[in-house]
Amino acid sequence: MQTLAEILSSLPGDDVACITPEGRVTRRELLMRAESLRISGEALESPLVSGAEILTMLTRLIALDGYASSILLMPVDTDARLYANAKKQVNKQNLIRDGEATRWIIATSGTTGAPKLVTHSLQTLTQSLKMNTEIGRQLRWALIYDPCRFAGLQVVLQACISGSALLVPKTADIEELVDFLIFEGCTSISATPSMWRKMLSATNAHKLELRHITLGGEITDEKTLGRLKSKFSNAKITHIYASTEVGVGFSVKDGKAGFPAEYLKSVPGGKVELRISQQGTLLIRNTELNQTLGQQGIITDADGFIDTGDSVILQANRVIFLGRANGSINIGGQKVMPEEVEAVLRESSSVVDVRVYGKPSPVLGNVVVAEVVPLPQICEEDLKQKLFATCKERLAAFKRPAVIRIVKDIELTEAGKAKRNN
Amino acid sequence: MAIRKIIIDTLRRVASTNEATLIEPLTDDTVLLQSGLDSLGFAILVAQLEENLKFDPFAMTDQPVYPRTLGEFIAFYEQMAAHN
């Protein structure tokens with residue numbers, strides 16, 4: 001496997017590699033910066049790589065891969081204890097030995113559970129990416145995620161290895177973000193369904209000329225897929241299921257939620273195998289890697305399958321995601337998957353987005369609370385009554401929201417997912 | 001609006017949206033657990049009252065409080081409203 005520097009050196013140096021609101025940098029400039037970092041000896045001072053400043057991050061990745069023994073990627077919302085632990089493991093940064101690959105150490109997002117550290121190599125991180133540089137060089141990928149998390153790193157590496165420019169907005173304001181992407185000719189975006197719903201609500205969203213739309217990190221619902229399809233009719237829409245632990249995943253391109261049941265026999269591409277556990281969670285195995293080696297705190301079964309913790313059901317030849325098995329809300333001993341309630345509320349044509357969570361109750365442990373972002377000019381009280389009525393029709397009594405709150409916005413985590421805790 | 005009226009209006013609304021039949025007439029002596037509303041209904045009632053009144057009296061006391069009758073329930077809310 002080539003190193004990141006070798007891959008970039010094989011592509012034209014004059015191409016723009018990275019665009020931020022402050023300016024643009026060519027591939028040659030990035031390679032030169034990385035080279036001087038190695039010559040100065042600074043590259044070996046620390047394995048830590050932060051995504052706070054994208055050019056520094058890219059320079060360090062290029063300098064360290066294939067040169068230093070480890071790269072420790074540090075997301076913005078770093079868990080202090082996790083990194084104290086990681087730094088102990090990588091206490092001394094060394095030159096890499098012959099025949100070895102640099103270890104890329106990355107944290108899982110820990111949406112509901114504790115984040116874990118997993119070790120990858122450039123090879124495992126890029127094995128499901130597109131390598132065609134002829135097509136790649138025509139594309140501009142938006143970096144919406146934290147580049148030190150798995151999903152963001154995939155975008156960074158996709159742009160690097162296929163010769164695309166990386167567009168890096170530096171704003172949390174959704175209108176400004178979308179306007180920046182339009183201005184810079186963005187063609188490709190990878191984001192969570194929650195983030196897509198936000199972007200779809202931006203005034204100028206229809207002006208984006210997208211060719212690739214990727215969704216991941218959360219359950220992808222048919223309504224969001226449908227809205228994307230009607231707004232961006234020329235785009236290829238893919239929803240991916242990837243896990244930081246496994247390093248690769250699989251993609252679904254038929255525009256429907258969940259994935260075809262045939263994937264349980266054979267996943268296209270053959271890089272992963274899937275099973276459903278007796279507890280109804282999805283099990284996944286990377287067929288090209290021995291997952292049991294070198295990964296701390298990751299539990300595999302005898303056959304090397306990892307339990308993803310995602311609850312699924314088989315429904316009419318389709319495997320449908322229900323939500324995180326440990327993310328359920330306990331209502332007097334009965335379990336509610338917030339995603340199931342969200343799916344029912346999201347079907348309303350007046351609803352832009354929704355978040356469901358458990359709120360502590362002195363009576364039953366918890367009650368279900370829903371936050372709803374309505375379309376503009378919708379009568380809030382009417383909408384609430386309609387949603388209560390829909391829930392009464394569709395959900396068992398204990399699953400129905402006790403309270404529906406009308407809000408302007410759904411708060412997302414650093415990983416771009418809807419916050420699950422209150 | 002008086003707390004009493006808000007509580008009784010909310011109670012009736014929760015009962016109607018949760019297919020519960022209240023045992024009429026509702027008086028201060030009505031025992032909550034025999035009013036027709038089950039514990040899920042009460043959890044919803046308390047959550048909705050917090051939305052309307054902007055306070056949860058159960059979260060404001062260190063001592064566990066278990067109002068037995070509707071009168072005690074209303075008195076508890078009125079008492080804690082004074083502290084709020």
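Read the figures in this text as sums done on the coordinates, not as results from a lab. If you're wondering where the values come from, they're calculated on a predicted model, not measured in any experiment. Don't worry about glycine lacking a Cβ; one is built from the backbone with ideal geometry, like all the others, and counts go over all protein chains shown.
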Worksheet item: Roughly what % of DSSP beta bridges within the protein assembly as shown run antiparallel, to the nearest 5?
Response: 65 percent
Worksheet, complete the sentence: Burial-style ranking of B:55-65, A:316-326, A:136-146, average other-beta-carbon count within 10 Å with highest first, yields A:136-146, A:316-326, B:55-65
Worksheet item: Which aspartates and glutamates, on any chain, are close to A:Lys231 with Cα under 20 Å apart, when same-chain ones fewer than 8 places away are left out?
Response: A:Glu175, A:Glu176, A:Asp179, A:Glu184, A:Glu209, A:Asp221, A:Glu222, A:Asp254, A:Glu347, A:Asp353
Worksheet item: What's the Cα-based Rg to Rh of the range A:169-266, Rh via Kirkwood?
Response: 0.99
Worksheet item: What angle do you read, to the nearest 10 degrees and between 0 and 90, between the alpha-carbon axis of helix A:54-64 and the longest principal axis of chain A?
Response: 50 degrees
Worksheet item: For the pair A:Lys392 and A:Asp98, what calculated FRET efficiency results from E = 1/(1 + (r/R0)^6), where r is the Cβ-Cβ distance and R0 = 56 Å, to the nearest 0.05?
Response: 0.25
Item to complete: Would you please put A:377-389, A:207-219, A:8-20 in order of how densely packed they are, using the mean number of other Cβ atoms within 10 angstrom per residue and starting with the highest?
Response: A:207-219, A:8-20, A:377-389
Discussion item. Sort A:His206, A:His120 by Cβ crowding within 10 Å, fewest neighbours at the top.
Written reply: A:His206, A:His120
Discussion item. Considering all alpha-carbon pairs of chain B, what whole percent are spaced by more than 23 angstrom?
Written reply: 13 percent
Item to complete: Could you tell me what % of all Cα pairs in the range A:383-422 have separations over 12 Å?
Response: 67 percent
Discussion item. Quick check on chain B: helices-only [θ] at 222 nm, where DSSP H runs of length 4 and up contribute -39,500 (n - 2.57) each and the sum goes over total residues. Nearest 500, please.
Written reply: -17500 deg cm²/dmol
Fill in: Hydrodynamic radius of the range A:304-422 per Kirkwood, over alpha carbon pairs, in Å
15.2 Å
Practice prompt. Rounded to the nearest 10 degrees, what's the angle between the helix A:222-231 long axis and the longest principal axis of chain A, both from Cα atoms, 0 to 90?
Written response: 60 degrees
Worksheet, complete the sentence: Pseudo-spin-label distance B:Asp9 to A:Lys419, built 7 Å along Cα→Cβ, given in nm, is 3.1 nm
Item to complete: Could you work out how far helix A:380-394 tilts from the main Cα principal axis of chain A, as a 0 to 90 degree angle to the nearest 10?
Response: 80 degrees
Response to the item:
Averaged over the residues of A:359-366, the number of partner chain Cβ atoms within 10 Å of each residue's own Cβ comes to 6
Discussion item. Quick check on chain A: helices-only [θ] at 222 nm, where DSSP H runs of length 4 and up contribute -39,500 (n - 2.57) each and the sum goes over total residues. Nearest 500, please.
Written reply: -8000 deg cm²/dmol
Discussion item. For a quick check: with amide H placed at 1.01 Å from N, whose amide H comes under 5 Å from A:Gly323's, ignoring anything fewer than 5 positions away on the same chain?
Written reply: A:Ser311
Practice prompt. Set the Förster radius R0 to 30 Å, insert the Cβ-Cβ distance between A:Thr26 and A:Glu288 as r into 1/(1 + (r/R0)^6), and round the FRET efficiency to 0.05.
Written response: 0.30
Fill in: Ratio of Rg to Rh over the protein assembly as shown (Cα coordinates, Kirkwood Rh, two decimals)
1.04
Worksheet item: Relative to the present Cα-Cα distance, how much length would full extension add between A:Glu347 and A:Glu42 at 0.36 nm per residue of separation?
Response: 104.4 nm
Fill in: Potential extension, A:Lys88-A:Lys253 segment - 0.36 nm per residue separation minus Cα distance
55.2 nm
